[in-house]
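Any read-out appearing in this document is the output of simple, stated calculations on the displayed coordinates, not a laboratory observation. Computed from a prediction, not measured in an experiment: that's the story for all the values here. Cβ coordinates were reconstructed from backbone atoms using ideal geometry, including for glycine residues, and neighbour counts include every protein chain displayed.
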Amino acid sequence: MNSLEQAEDLKAFERRLTEYVSCLQPATGRWRSAWNWLIDPDTQKVSFFSSLWNHPFFTLSCITLIALFFAGIHKRVVAPSIIAARCRTVLAEYNMSCDDTGKLILKPRPNIQ
């Protein structure tokens, strides 16, 4: 294998690792209902349970989140860091590392004298 083919293989590996790590992370853009609940002026005026009753989507989201937490969804948040740590262990033999997003970090070759 020449150096150009090796560089292409490293780029492909980096793309795949980055894609895999990003797919493991949960989406966080779905909490608009929480923002609506917080900025609602009636939230401060009524009791906590009345406020939850006034915002059924937020209440359902919270109940679902608690149920998912008990089902083990929190492991999915930790999974990308576990994958990155395992990749760092393997890549250390090749004088490389990776960050938490899966991007490769090439280390300089050690000087053998």
* Taking the Cα centre of region 54-113 as origin, sum charge times position over the Cβ atoms of Lys and Arg (+1) and Asp and Glu (-1), and report the length of that vector in debye to the nearest 20. => 140 debye
* Net length gained if the chain between residue 97 and residue 112 were fully extended (0.36 nm per residue, minus Cα distance) -> 3.4 nm
* Label residue 68 and residue 89 with points 7 Å out from Cα along Cα→Cβ: what is the distance between them in nm? -> 2.9 nm
* What are the ³J(HN,Hα) values, in whole Hz, obtained from phi via the Karplus relation 6.51 cos²θ - 1.76 cosθ + 1.60 with θ = phi - 60°, for each residue of region 52-68 in sequence order, with x given for Gly and Pro? -> 5, 5, 6, 10, x, 5, 5, 4, 4, 5, 5, 5, 5, 4, 5, 5, 5
